[in-house]
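Worksheet for the structure shown next.
The values are calculated or read from the model by the stated rules, or taken from the named source; none is laboratory data. As the structure is a computational prediction, the values presented were derived from the model and not from experiment. Using ideal geometry, Cβ is built from the backbone for each residue, glycine included, and neighbour counts are taken over all protein chains shown. Accessible surface is based on the protein model in full, side chains and every heavy atom, while ligands, DNA and RNA are left aside. Shrake-Rupley method; radii C 1.70, N 1.55, O 1.52, S 1.80 Å.
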2 protein chains.
Amino acid sequence: MTIDFRNAAEELIQHNGGRATAGRIGILAILLAEQHAITHREIEHRLPESLPLDRVTLYRALEWLVEKNLIHKVTSDDRVWRYHANREVHAHRHAHFKCTRCAQVICLDDLPEKRNWHLPAGYRFQEIELTVKGLCADCC
Amino acid sequence: MTIDFRNAAEELIQHNGGRATAGRIGILAILLAEQHAITHREIEHRLPESLPLDRVTLYRALEWLVEKNLIHKVTSDDRVWRYHANREVHAHRHAHFKCTRCAQVICLDDLPEKRNWHLPAGYRFQEIELTVKGLCADCC
DNA sequence: ACAATAAACGCAACTTTGTTGCATTTTCCA
DNA sequence: TGGAAAATGCAACAAAGTTGCGTTTATTGT
Ligand SMILES: [Mn+2]
Ligand SMILES: [Mn+2]
Ligand SMILES: [Zn+2]
Ligand SMILES: [Zn+2]
């Protein structure tokens, strides 16, 4: 139910010391309700007519939500960020899957934990970013 | 020596049924001489004054070189493609490393070959794209 | 309830990266 | 060496995202 996501969103925002504005609540509720990682454009599309929101405000709200660790953003080969709520299941680092036909992005659960990526001498490991590409069930 | 790379570049281009124009030879020679994956901008910068080349021509030449499998391009989180010559060592799929401070990108040799990324039912695996992030030796 | 204040917003302009259409030039081969 | 196909240059366009700044709004203390 949408109202539940809105309540959850509002609480999460306030718990992080931010102002619970209509825009932020709406955006986070959309991301909480969505199981795929979606683009700025797609979020804009899903916003109700009752909640007009400037492009820039949307960008800034997303930036804030990422900072506060309420959502994460995914790099893609089409040069478009995709955003997804941080759920417990996907608590930390995880890989992503991107359909090469419909561009849909989902979060996977694994990530190769081994840090012995034998980097050149003097290099320091920080994190891994991994995308599995293929066809989703709809596009197969 | 630059001249060697130019000769190699010319031969590679002709072996692939393409016209060995000054632009293509110059671009491929630059990429053969470079051990890092570099951006369109960086390639433009490295072009000698004696070889002025339009932005668009550079883009199209890079596209052609990728098609012919003479170079590969790397996705990055800064929305900028980076290009690198295909050497035997890095023959096919491989991971990349990107410095989070200076944005330098190098090619790594490994890639987790296991395809059991237990994707959702009905999904089909195609390929993996993996970037290790961290600090390079200069930035540590 | 209400005013003060800092945070968030909206708008316009800008930047960066990459693409497209089309006329002109160049390469290659017969 | 001339003609066809390929490659180039230029101008215009497009998409995604950023910046500056004046205005509005959520929160807090009274
Ligand atoms: Mn994810
Ligand atoms: Mn590489
Ligand atoms: Zn799909
Ligand atoms: Zn570095």
B:Val132 being away from chain A (no Cβ under 14 Å) and either over 14 Å from the mean Cα position of the chain (by Cα) or within 16 Å of ligand 4 (Cβ to nearest atom) (or both)
no
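If you go through segment A:1-34, how many residues are among the charged types (D, E, K, R) and open to solvent by 90 Å² or more (accessible area, probe 1.4 Å)? Walk me through it before giving the result.
Kept after step one, since they are among the charged types (D, E, K, R), are these residues of segment A:1-34: A:4, A:6, A:10-11, A:19, A:24, A:34.
Remaining after also requiring open to solvent by 90 Å² or more (accessible area, probe 1.4 Å): A:4, A:11, A:19.
Qualifying residue count, segment A:1-34: 3.
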When only residues in segment A:35-89 that are open to solvent by less than 60 Å² (accessible area, probe 1.4 Å) and among the small types (Gly, Ala, Ser) count, which is nearest to the other protein chains (Cβ to nearest Cβ)?
A:Ser76
Yes or no: A:Cys107 surrounded by fewer than 16 Cβ atoms within 10 Å (Cβ to Cβ), over 30 Å from B:Cys140 (Cα atoms) and within 14 Å of another protein chain (Cβ to nearest Cβ)?
no
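Among the residues in segment A:118-129, are any more than 8 Å from chain B (Cβ to nearest Cβ), open to solvent by less than 30 Å² (accessible area, probe 1.4 Å) and not in a loop (DSSP other than H, G, I, E, B)?
no
Listed here are the residues, each with its yes/no results for (1) under 23 Å from B:Arg124 (Cβ atoms); (2) assigned to a loop (DSSP other than H, G, I, E, B); (3) within 15 Å of ligand 1 (Cβ to nearest atom); (4) modelled with pLDDT under 95.
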| residue | (1), (2), (3), (4) |
| --- | --- |
| A:Leu12 | no, no, no, no |
| A:Arg24 | no, no, no, no |
| A:Thr57 | no, no, no, no |
| A:Glu63 | no, no, no, no |
| A:His84 | yes, no, yes, no |
| A:His94 | yes, yes, yes, yes |
| A:Arg115 | no, yes, no, yes |
Suppose the filter is free of Cβ contacts under 8 Å to residues at least 40 places away in the same chain, within 16 Å of ligand 2 (Cβ to nearest atom) and either more than 18 Å from B:Ile106 (Cβ to Cβ) or not β-branched (Val, Ile, Thr) (or both); does B:Val66 pass it?
yes
Touching an Asp or Glu at 6+ places or on another chain (Cβ under 9 Å) and farther than 30 Å from B:Ile128 by Cβ: which single residue out of A:Arg82, A:Arg24, A:Arg6 fits that description?
A:Arg24
Of all residues in segment A:43-52, which are more than 9 Å from DNA strand C (Cβ to nearest atom) and either over 12 Å from the mean Cα position of the chain (by Cα) or farther than 18 Å from A:Val74 by Cβ (or both)?
A:Glu44, A:His45, A:Arg46, A:Leu47, A:Pro48, A:Glu49, A:Ser50
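Residues are listed down the side, and each one gets a yes or a no for (1) among the β-branched types (Val, Ile, Thr); (2) touching a Ser or Thr at 6+ places or on another chain (Cβ under 6 Å):
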| site | (1), (2) |
| --- | --- |
| A:Val56 | yes, no |
| A:Leu65 | no, no |
| A:Lys73 | no, no |
| A:Val80 | yes, yes |
Boolean, B:Arg55 is over 23 Å from B:Arg79 (Cα atoms) and charged (D, E, K, R):
no
Identify the single condition in (1) open to solvent by 20 Å² or more (accessible area, probe 1.4 Å); (2) facing chain B (nearest Cβ under 7 Å); (3) outside any loop (DSSP other than H, G, I, E, B) that A:Lys98 does not satisfy, given that it satisfies every other one.
(2)
First in segment A:95-112 and within 14 Å of A:Tyr83 (Cβ to Cβ), second anywhere and within 16 Å of ligand 4 (Cβ to nearest atom) and open to solvent by 10 Å² or more (accessible area, probe 1.4 Å), Cβ under 9 Å, 6 or more apart
none
For B:His96, indicate whether it is within 11 Å of the chain's Cα centre (by Cα) and closer than 22 Å to A:Ile128 by Cβ.
yes
